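Structure, as structure tokens:
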Amino acid sequence: MPKQPKLAVLVSGTGSNLHAIIGKLDVRCIIADRICPAITDIASTARIPNLTIKRRFDQCFDHTELTCKVLDTLKFFDIEVVAMAGFMTILSSFIFKAYPNRILNIHPSLLPDFKGAHAVCDALASGRKITGCTVHIATEQLDAGTILAQQQVPILEGDTIETLHERIKIAERQLYPKTIAQFFEEYL
Ligand code: GRF
């Protein structure tokens, strides 16, 4: 692989985007906020250094503490660019100051439509015929920041959240690694 900035990927779920990124780019470290297949299956099989910083899911959850641990890990691995790939915790603002315009995210809608955790469900309920996915620069505002790339995906008759999300994720797995590679060339 050609020389590229040191990349970390943040995950919480199945890790299909992570898998696609690993297939195309050099990933230096993977961080999860919970035990998930992205770590137990994909990161371990790929033998990429990884860390699970288990978060709480009650009112005692401390965003600052988790963000500090994520940032410490990024610094330890000398990471230059971060790709959130299904990472389900909102990070505290200071990490975006530590990595200005260097944290990317993929979202399963055509932003600015359908921000938030229920993007696929909301697109389905809207009655539209087209949704899609967006790669953007992450900021402290949820699902905001400069849009780098989008891909349309049709909503088909009889779609469920699961069938539609899987069709979107097929598009994401093409779009995200390609867009990160372009970002390395055009923005750094
Ligand atoms: C993707 O649809 C992504 O857009 C959203 O979370 C999902 C992660 O899927 N933010 P996976 O864990 O990469 O399979």
> Can you name the residue in region 150-172 that is assigned to a strand (DSSP E or B) and surrounded by fewer than 17 Cβ atoms within 10 Å (Cβ to Cβ) and, of all such residues, is farthest from the chain's Cα centre (by Cα)?
Replying inline: Pro154
> Can we say Leu175 is touching a residue at least 12 places away in the same chain (Cβ under 8 Å), within 14 Å of the ligand (Cβ to nearest atom), among the aliphatic types (A, V, I, L, M) and open to solvent by less than 20 Å² (accessible area, probe 1.4 Å)?
Replying inline: yes
> How many residues does region 113-154 contain that are more than 26 Å from Glu185 (Cβ to Cβ), within 15 Å of the ligand (Cβ to nearest atom) and free of Cβ contacts under 8 Å to residues at least 40 places away in the same chain?
Replying inline: 9
>> Pull out all pairs, ordered by first then second residue, where Cβ-Cβ is under 8 Å, the residues are six or more apart or on different chains, the first lies in region 84-108 and is among the hydroxyl-bearing types (Ser, Thr, Tyr) and within 13 Å of the ligand (Cβ to nearest atom), and the second is open to solvent by 40 Å² or more (accessible area, probe 1.4 Å) and assigned to a loop (DSSP other than H, G, I, E, B).
In response: Thr89/Arg55
> Can you name the number of the only condition in (1) over 18 Å from Asn17 (Cα atoms); (2) touching a Leu at 6+ places or on another chain (Cβ under 7 Å) that Phe87 fails?
Replying inline: (1)
> Taking region 1-38, which residues are in a loop (DSSP other than H, G, I, E, B) and open to solvent by 50 Å² or more (accessible area, probe 1.4 Å)?
Replying inline: Met1, Pro2, Lys3, Lys6, Thr14, Asp26, Arg34, Ile35
>> So, in region 39-93, how many residues would count as being part of a helix (DSSP H, G or I) and open to solvent by less than 50 Å² (accessible area, probe 1.4 Å)?
In response: 10
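The values are calculated or read from the model by the stated rules, or taken from the named source; none is laboratory data. Keep in mind it's a predicted model, so treat the numbers as computed, not measured. No Cβ is skipped: glycine too gets one built from the backbone with ideal geometry, and neighbour counts run over all protein chains shown. All accessible areas refer to the heavy atoms of the entire protein, side chains included, with ligands and DNA or RNA removed. Shrake-Rupley method; radii C 1.70, N 1.55, O 1.52, S 1.80 Å.
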